[in-house]
Amino acid sequence: MKAVGIDIGSLTTKVVILDSNGSYSFDVTQSGDEPASNAKAALENSLGRPELNLDHDFYLVSTGMGGKLLSFAHQQKAVTTCLARGINHLFPSTRTVIDIGAETCNVVKVNERGRISDWVNHDKCAAGTGVFLQKMAKIMRMSMEDMSELSLQADSGPEITSTCAVFAESEVISHVHRDPPTPKEEIIAGVYSSVVSRIMTLCKRIGIERDVAAVGGVALSSGMVSTIQREIGFEILVPEAPQIVAALGAAVIAKESIEKEGNK
């Protein structure tokens, strides 16, 4: 029986299969309009089987905003719980996790056992999330990857003061159309600083304890990671695939459940 974790986010679905020795494989796919069906297809593809035996093939723990949609999941866990377990599996020294996803941002304090000691999140406005950065990339007419690389060329950028994503978008547009226009790299640096200022507000509410790790799809951006490090004042840990950490944590919980059943 395989230990499987599935994290269904608003944009992508992550599947992680965890072996008994702690190694893992993963798959990332679009959530689409039918996230439950897409998650099942991704699981079948990952396991290499078109038909799944729900009792013998795997033990599955789901998480994320669409985690409750999986009727075949054995357990459903909060994303913060899974983030804590996943980062502990990768970087046991981590005590603070900054998770920036498509539509939410979480800051989680983790103890030495990979359990949550405190957490806070921001999900009331797109500003400070991946969706906001995607909108900014569209305004700048470049990819998220190009935007990240270009930001590293700027020492500073204009202050984006609006806490509302709509108003912040208007500020960015005004910089684009100024005469002369604000250099693109400076605008992007300002956008990243705006996002990080919201993250720092969350961090200050529960405190920052080292080591700090950045996870979630936005942590794939070297420009964003650099901005966070500059604001915090020290280097942070970033997994090779930061977007799968919650799914990995779900798989860790699944593996522990299998072991418990085997010891009965």
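The values are calculated or read from the model by the stated rules, or taken from the named source; none is laboratory data. Because the structure is predicted, anything quoted here is derived from the model rather than measured. FYI the Cβ positions are ideal-geometry reconstructions off the backbone, even for glycines, and counts take in every protein chain you see.
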Residue 196 passes all but one of the listed conditions (1) β-branched (Val, Ile, Thr); (2) at pLDDT 95 or above; (3) out of contact with any strand residue (DSSP E or B) (no Cβ under 7 Å at 6 or more places or on another chain); the exception is number (2)
Do we have residue 205 as touching a residue at least 12 places away in the same chain (Cβ under 8 Å), under 25 Å from residue 65 (Cα atoms) and assigned by TED's automatic domain parsing to the domain that holds residue 132 here?
yes
Failed condition for residue 194, given (1) farther than 17 Å from residue 105 by Cα; (2) buried (at least 19 other Cβ atoms within 10 Å of the Cβ); (3) not charged (D, E, K, R), with all others met?
(1)
Mind counting the residues in region 163-190 that are at pLDDT 90 or above and aliphatic (A, V, I, L, M)?
3
So which of 223, 249 is over 22 Å from residue 114 (Cβ atoms) and assigned to a helix (DSSP H, G or I)?
223
Output for Cβ contacts, cut-off 6 Å, separation at least six or different chains, first residue surrounded by fewer than 21 Cβ atoms within 10 Å (Cβ to Cβ) in region 232-247, second among the acidic types (Asp, Glu) and at pLDDT 95 or above, reads 237/211
Do you know which of the residues in region 78-104 that are surrounded by fewer than 24 Cβ atoms within 10 Å (Cβ to Cβ), touching a strand residue (DSSP E or B) at 6+ places or on another chain (Cβ under 9 Å) and not polar (S, T, N, Q) is modelled with the lowest pLDDT?
102
